[in-house]
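Everything below concerns the one structure shown next.
Computed from the coordinates by the stated procedures, all read-outs in this text should not be read as laboratory data. Small disclaimer: the values here were computed from a predicted structure and weren't measured. Cβ sites come from the backbone with ideal geometry, for glycine too, and all protein chains shown count toward neighbours.
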Amino acid sequence: MINRDDLVVECEPAVADIEFLDDRLYDYNVEQTGYRDGKRLAIFVRDAQQAIRAGLDGWTWGGSGEIRSLWVDTTLRGQGVGAKLMQAAEREARARGCTQLMLGSFSFQSPGFYQALGYEVLAVLDDYPRGHQLYMLYKRLTSSAS
């Protein structure tokens with residue numbers, strides 16, 4: 001029996017500990033669905049010194065995918081880098097057999113950017129964080145590049 005004293009709140013958990021939880025959840029998901037094709041999806045733009053200037057992180061699994069983060073250095077914004085990262089992610093997701101991608105975007109992160117790329121708003125959660133909104137968006141992937 002686990003009691004209250006066994007619970008430990010950690011504000012800065014070890015990356016390996018979080019990966020352990022992710023791996024156990026993935027194992028359970030595979031057991032329940034039979035889909036064993038889960039893969040990370042990461043795309044980077046690096047400068048000559050190999051420093052990351054822009055990038056995208058997500059995953060694909062069972063015919064679906066999620067973009068967890070997209071970041072572009074301020075000096076590269078407005079030059080189409082974010083759109084190129086998203087298009088590359090969509091191509092790779094299609095190649096992996098995915099028919100849809102989803103993502104979340106806060107109101108201050110420009111959900112309109114994703115809508116311009118063909119993503120549809122599924123839901124909006126108000127005051128997440130306080131004074132802002134969280135947009136959940138998705139895009140049905142077609143067999144041709146879009």
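Below are the figures for this structure:
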item	result
Inter-label distance for residue 71 and residue 27, nm, one decimal - labels placed 7 Å from Cα along Cα-to-Cβ	3.0
Of the trypsin sites (Lys or Arg not before Pro) in region 93-146, those whose Cβ has at most 10 other Cβ within 10 Å and which sit in DSSP loop	130
Rounded to 10°, Cα long-axis angle of helix 81-95 versus longest principal axis of the chain	70
Region 1-78: chymotrypsin sites (Phe, Trp or Tyr not before Pro) in DSSP coil with no more than 16 other Cβ atoms inside 10 Å	35
For 43, 52, order by how many other beta-carbon atoms lie within 10 Å, fewest first	52, 43
On Cα atoms only, tilt of 15-33 relative to the major axis of the chain in degrees	90
For the chain, share of DSSP beta bridges that run antiparallel, in % to the nearest 5	90
Amide proton proximity set for residue 106, modelled H, under 5 Å, gap of 5+	135
